[in-house]
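Asker: To start, I am sharing the structure in question, which I have written as structure tokens.
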Amino acid sequence: MSTTPTEIPEMMRLVQTHGDLFEKHFSNDLDEQSAVLKAHLLVEGVIRDFCYKSVRNPKHLRGMRLTFQQIVGIARSFIVLTGPGYDLFWNMVEHLNKLRNLMAHELEPDQAKQDKCRKELISLSGLTTLNGSLSYLCGGLNTLLAVSLELQRRKLLSEAEREALENPTN
């Protein structure tokens, strides 16, 4: 399938916006606590934007004070792509949230709980460092949500419109 030049900016806006934020605010040189807190903010931002772009009237959703868990649940209900390969990212989001909550809400967090979350994130990513795993999560989730948005958009098209996108005549 090929895309026309006018489709690329719309399809890639989420990836570009959040990729730029990632480049600006995240590096493998960050200390662990900063990396976890920044990754959590980046993940939450892309999930919220995905939800806003998934509804016809996002102003109603933006006006709500939804918790992280609530917005994750809404995103998971909107996402088109499902299955074990995609659940990996949601499992990583869950462990990132647990680790972030341990760091942000407890003066003296339980080290065993932190270690467990850290090891889970690293194991799920298949990488060897926490910062690398958080990078993987941010990039993978951003791409997953962008692809899901594009698939949602195509489902809203008529059969003729979908055919024209999939088989453009040049």
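The values are calculated or read from the model by the stated rules, or taken from the named source; none is laboratory data. Not measured: the values here are computed from a predicted model. Please note: Cβ atoms are built from the backbone with ideal geometry, for glycine as well, and neighbour counts cover all protein chains shown. Please note that ligands, DNA and RNA were not included when accessible areas were found on the heavy atoms of the full protein model with its side chains. Shrake-Rupley method; radii C 1.70, N 1.55, O 1.52, S 1.80 Å.
Asker: Which residues, taken from the stretch 47-67, are under 12 Å from the mean Cα position of the chain (by Cα) and either open to solvent by less than 30 Å² (accessible area, probe 1.4 Å) or of a type in the set (Asp, Glu) (or both)?
Answerer: Correct list: Ile47, Asp49, Phe50, Cys51.
Asker: Give Leu81, Leu107 a once-over and let me know the one that is open to solvent by 50 Å² or more (accessible area, probe 1.4 Å) and modelled with pLDDT under 90. Don't jump to the end; show me each part of the working.
Answerer: Working: Leu81 fails: open to solvent by 50 Å² or more (accessible area, probe 1.4 Å).
Every option except Leu107 fails the conditions.
Asker: Which numbered condition in (1) at pLDDT below 90; (2) part of a helix (DSSP H, G or I); (3) more than 26 Å from Asn131 (Cα to Cα); (4) not acidic (Asp, Glu) is the only one that Phe22 fails?
Answerer: Every condition holds for Phe22 apart from (3).
Asker: Scan the stretch 113-146 for residues that are open to solvent by 40 Å² or more (accessible area, probe 1.4 Å), of a type outside the set (S, T, N, Q) and within 14 Å of Leu42 (Cα to Cα) and jot them down.
Answerer: Hit for the stretch 113-146 is Tyr136, nothing else.
Asker: Another question, then. Among the listed residues Met64, Met92, Met103, Met12, which satisfies the condition of being in contact with a Ser or Thr (Cβ under 8 Å, 6 or more places away or on another chain) and either part of a helix (DSSP H, G or I) or hydrophobic (A, V, I, L, M, F, W, C) (or both)?
Answerer: On the way: Met64 fails: in contact with a Ser or Thr (Cβ under 8 Å, 6 or more places away or on another chain); Met103 fails: in contact with a Ser or Thr (Cβ under 8 Å, 6 or more places away or on another chain); Met12 fails: in contact with a Ser or Thr (Cβ under 8 Å, 6 or more places away or on another chain).
Just a single option satisfies the conditions, and that option is Met92.
Asker: Which members of the stretch 120-146 meet the condition of being not in a helix (DSSP H, G or I) and not small (Gly, Ala, Ser)? Lay out the reasoning, then the answer.
Answerer: Here is the first cut: in the stretch 120-146, the residues not in a helix (DSSP H, G or I) are 126-129.
Of everything in the stretch 120-146, those that are not in a helix (DSSP H, G or I) and not small (Gly, Ala, Ser) turn out to be Leu127, Thr128, Thr129.
Asker: Does Gly139 meet the test of being closer than 18 Å to Phe50 by Cβ and of a type in the set (Gly, Ala, Ser)? First the steps, then the outcome.
Answerer: On the way: closer than 18 Å to Phe50 by Cβ: yes; of a type in the set (Gly, Ala, Ser): yes.
When the stated conditions are applied, Gly139 passes them.
Asker: Residue pairs, Cβ under 7 Å, 6 or more apart or interchain, first in the stretch 96-117 and under 19 Å from Asn131 (Cβ atoms), second among the small types (Gly, Ala, Ser) and surrounded by 15 or more Cβ atoms within 10 Å (Cβ to Cβ). List them.
Answerer: Once the first residue is under 19 Å from Asn131 (Cβ atoms) and sits in the stretch 96-117, its partners that are among the small types (Gly, Ala, Ser) and surrounded by 15 or more Cβ atoms within 10 Å (Cβ to Cβ) give Leu96/Ala39.
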